[in-house]
Structures are given as structure tokens and as C-alpha cells.
Amino acid sequence: MTPLDSPLLALTGGYWDGKFHALTGATITVRDPASYEAIATLPRMGAEHATLAVAAAVRALAAGPPDLERRKRALIAVADAHDANCDELARIITAENGKPLAEAIGEVRYAAGFYRDAVRHVDGLAPRTLAEEPRGCTWRVHARPAGVAALITPFNFPLAMLAKKLSAAIAAGCPVVVKPAEKTPLSAIALFGLLHRLELPPGTLNLVYGDAPAIGRVLCEHPAVRVISFTGSTAVGQWLAAACAPHMKRLSLELGGNAPFVVFADADLDHAAEQLVANKFRCSGQTCVCTNRVLVEASVAEAFVARVAKRVAALTLGAGAAVGTDVGPLIDRAAFDKVSRHVSDAVERGARVVVGGVTASGGDGVGAFFPPTVLSGVTAEALASQEETFGPLIAVGTFSGEAEGIARADDTAYGLAAYVFSADLARLERVAQALHFGHVGLNTATGPTPEAPFGGMRMSGVGREGGEQGVHEYVEWQTTPIGLP
Ligand code: ADP
């Protein structure tokens, strides 16, 4: 049953063996974060269904990998399907995730970009012969598909996170089992409806969701699954890594972050403020590259906060589908409560509310609308500095001098994204080199792009997505020395 009426959701359920399976039994409910109303009731699949999906993928694997030209054609077809259905896919993303429609449209285009970019890396997987002939042999190097790949995605970019993984898996020739987040499975279901029309060999693409730990266990323990690609919390990433350890699986994990945004006194403050606001409120602050700690050189802190506050006060909070909305609701009540906790904690430790603040809203029936908030005077000990808030909170603290700026920015166990603003290019280079983050924006707060490898250092994970490196996560390199007669 799908009260969210969409031609792309005519068929739902699980997908394996090249068709949708409408299942009876236990269900999950998908809710519109703007109203908490139920928009879909779907089967709650478990170990049994995951096993069927893996078995279908194993059969596809046994049929041999598609040749490179077929992979390129499939990637282009998937990208085209995104483009041709952009508005409807965006409507579904907004309905289940809550983000403003314009952002959802941006997400569909961004997702399509991963499939298009992956096309460029397919030819690089052709077997090659080494020029050298060591050990009296001719050496061939083959990029074999690593095996069945399990793709586990979070709620914040229901299509784009899938695109990062699926584009690379298709390029490498791996059949996949996709497990979207239970809060936002509809975008993936809609995409599978479109993929179904491509008539790829049955078992190439499979979809399950429901009881995440039960499904996760099958994916980690089934010997044919050779790659686990996961984006989500560090806690679940650690669980997956531990579950995979006895089976020596390839892991690609993009986990939590705690992104610093460092503003030196010589920076263009208007530009930095604009970049911060654009970065911070995407998906209501619920992205892994959203700034979490703003660190401003003390001498310009007041001037910078004033610039930020002016922009944040002008943002419109509302339902993602409503015209004029800049910031949508949070995904659920738990997310709302976490932001409230971070604001209250920072204020108790002496921070000042400049814009927004804790609100009584967010209860059942009204959606989790947390107002865009700016706090100044946030200390390093505050929860908002220690943990990822994952909400629309700009928490500003101060530092003095380059060494302290670097030390404060790098003082976290995480290492996904960081941003640094300064007029001194040599300083930007120095700071980037000193920071342990996979993505360091210099005078920009842009997030990742399909063309470049993206991923975390330290507790933010292992592996990269995007670019050639993203495709190689799904490749096993095999060498075949051939004895010369
Ligand atoms: P988030 O905070 O973004 O919800 P989670 O790490 O909880 O992050 O969820 C990200 C994805 O991981 C979702 O698809 C979720 O269903 C899935 N997930 C959660 N627990 C497990 C598990 N034990 N095994 C496999 N997948 C899991």
C-alpha cells in the first residue's frame, strides 16, 4: 500500500531474480517528516529475504561479468533514467526525507552524475599486459569483479548515496544487494522500478529492507558477498566491520564526521559566512559533510557571527514540498531531541543564542521542525563540539593563531570533512596538510563531487567513493604470469 501516489511506486516490495516480490507479513511504515503521517506501508524483510536476494546475485555472478561496453551502456541508461524522471524522483525524496524540493532535484542530478562519471573509468578495467617481462613471464593484470556487493545506505541522500555505490559496482561488474534505510526506502524502490525497465540480467540488481540487523548479518556472513559498502553511523560501521572480520570482506565505510569550519582573521568574512550557511543547512544539517564546529579567530568572531546571523535569520523553515522553504524538518523526533540537547547543553556551558534556539515544536503530528540556530561562545567541551549534531545548529567557538586553529580543528576522533578560510594561500596549504580529514575545502565549503575520491580518515571510515578510486573498491586485481616458451 502506498498512500504516496506515484507512477514510480506502482510496484513495491523486495526485488530479486529480476522482479518485485509483494510480500505479506510484518510491515514497516514510512512517514513524511513534515507531518509524521504514514505515506507507505511496506514489507519488513529479514534474513530469509536477504538470503534469496544474495542467491539471485550469486546466479548472476555465475553467468560471468558483463563486458565493458555493456557496463557503460547500463551506466548511461541509469543516468538517463534519473534525468528523465528527475521531478518525480525528487518528489519522492522530499516526501520521505523532508528536504526542500529544490535540494531533492539537486540530489537526483548529483546522483545521475555518479553513473555518468563511472562510465569514464570502465575502460581502465580492461586487462593489460605489463611492458616488463620479469621472471621469464608475460604478465597480464585483470580487474575482476570482487563478487556480490552489499550496498547499505542512510536516510539523508536516499538516491545519491545509492548512486555512489551502485555506479561503481556496475562499472566493476559486481551484482548487488541494496539495503536502503527503513526511514527512506521509497526512493530506492522507485529507482528499482526504473532499473527494471533496463532488462539487465536477473539477479544483477536486488533490493531488501526491513529488519536491518537481520539483513546485515546475512550480508556480512554469506561467503559470496565480498564487498560491504556502507554509509551511516560509526557504531553500525564498527558492528559491520566486526561481523565481517572472520570472513575477510572488502569494506568501504563512510561513517560519522565532526567537521570543523575554520575562519582565520584575514578571510573574506562575507564569503565564508555565505559558504557556511549553504553548507550547514543542506538536508537540515543532516549530512556527513555538514559543518559541526565553527572555529573563528577571536579578533573577527563578532563580525563573522553577525554576518552569519543575518543570513540565518532570513531562512524559511517549512515543509520540503512547500514553495519558498529553505530548511525542512528533521527526519524524526529523535533527531529533533538531539539538536535540542546540544543547544541546551551549550547554553548551560555559557554559549549565547544569537538566532533560533530550543523550541517546544517537534511533537508528534507536527513534524520535527527545528529552527535554524546560531550559538556563539561554544566551548570545546560542549556536546555540540564533541558529537555530530546532525541538525540545523551553527555552533561558534573561537581560537587565537594558526597553531591553535589547527589543534582545535583536528581535535576529534573523526576525519571526514573540514573547511578552512583565509586570504593566505600558503597558510591554507599548511593547514590542509596538518589536518587529518579526507576532504578539506579551502575557501569553499563544497561537498564531494562524482569525479573525485571522497571518504574519511580515522573513525570516519575506510575506502573512497567517486572517481577511479571509487570503482576500484569493487575490483579484485588478478595477475596471470604466462610462462614464455
Ligand atoms: P543513521 O543515523 O543515518 O540512521 P544508521 O547507521 O543507523 O545511521 O543507518 C544507516 C543504514 O544502516 C540504514 O540503512 C540502516 O538500516 C542500516 N543498519 C542499521 N543497523 C544495521 C545492521 N546491524 N546491519 C546492517 N545495516 C544496518
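Counting other beta carbons within 10 Å of each Cβ, put Cys244, Cys174 in order, fewest first.
Cys244, Cys174
When Thr373, Thr24 are ordered from fewest to most other Cβ atoms inside 10 Å of their Cβ, what list results?
Thr24, Thr373
Nearest-5 percent of antiparallel DSSP beta bridges in segment 259-450?
That works out to approximately 15 percent antiparallel.
Any idea what angle helix 101-122 forms with the longest principal axis of the chain, computed on alpha-carbon atoms, 0 to 90 degrees, nearest 10?
Rounded to the nearest ten degrees, it is 40.
Along segment 479-485, what does the Karplus equation 6.51 cos²θ - 1.76 cosθ + 1.60 (θ = phi - 60°) give for ³J(HN,Hα), rounded to whole Hz, x for Gly and Pro?
Once θ is set to phi - 60°, the couplings for segment 479-485 become 10, 10, x, 10, x, 7, x Hz.
Tell me the angle of helix 269-280 to the major Cα principal axis of the chain, expressed in degrees between 0 and 90 and rounded to the nearest ten.
The angle comes out near 50 degrees.
Long-range amide H contacts for Val354: which residues qualify at under 5 Å (H placed 1.01 Å from N, peptide plane, sequence gap of 5 or more or a different chain)?
Amide H to amide H, under 5 Å and 5 or more residues apart or across chains, Val354 pairs with Val374, Leu375, Ser376.
Neighbouring Cβ atoms within 10 Å as the yardstick, rank Leu9, Leu425 fewest first.
Leu425, Leu9
Let me check against my output: what whole-number percent is the relative contact order of the chain, with C-alpha pairs under 8 Å and at least 6 apart?
Result for the chain is 19 percent.
Restricting to DSSP H runs of at least four residues, report the calculated mean residue ellipticity at 222 nm for the chain, -39500 (n - 2.57) per run over all residues, nearest 500 deg cm²/dmol.
Value at 222 nm, helices only, nearest 500: -11500 deg cm²/dmol.
Taking the radius of gyration and the Kirkwood hydrodynamic radius from Cα positions alone, what is the Rg/Rh ratio for the chain, to two decimal places?
0.99
Can you tell me the dipole magnitude for the chain around its Cα centre, using point charges on the Cβ only (Lys, Arg +1; Asp, Glu -1), in Debye to the nearest 20?
For this selection, approximately 980 debye.
Roughly how tilted is helix 186-196, in degrees to the nearest 10 and between 0 and 90, from the longest Cα axis of the chain?
So the inclination is approximately 30 degrees.
So what are the ³J(HN,Hα) numbers for segment 155-160, from phi and the Karplus equation (6.51, -1.76, 1.60; θ = phi - 60°), rounded to whole Hz, Gly and Pro as x?
7, 6, 9, x, 9, 6
Laboratory data are not the source of any read-out in this text; all were calculated from the coordinates shown. All of these numbers come straight from a predicted model, not from anything done at the bench. Cβ: placed from backbone, ideal geometry, glycine included. Neighbour counts: every protein chain shown.
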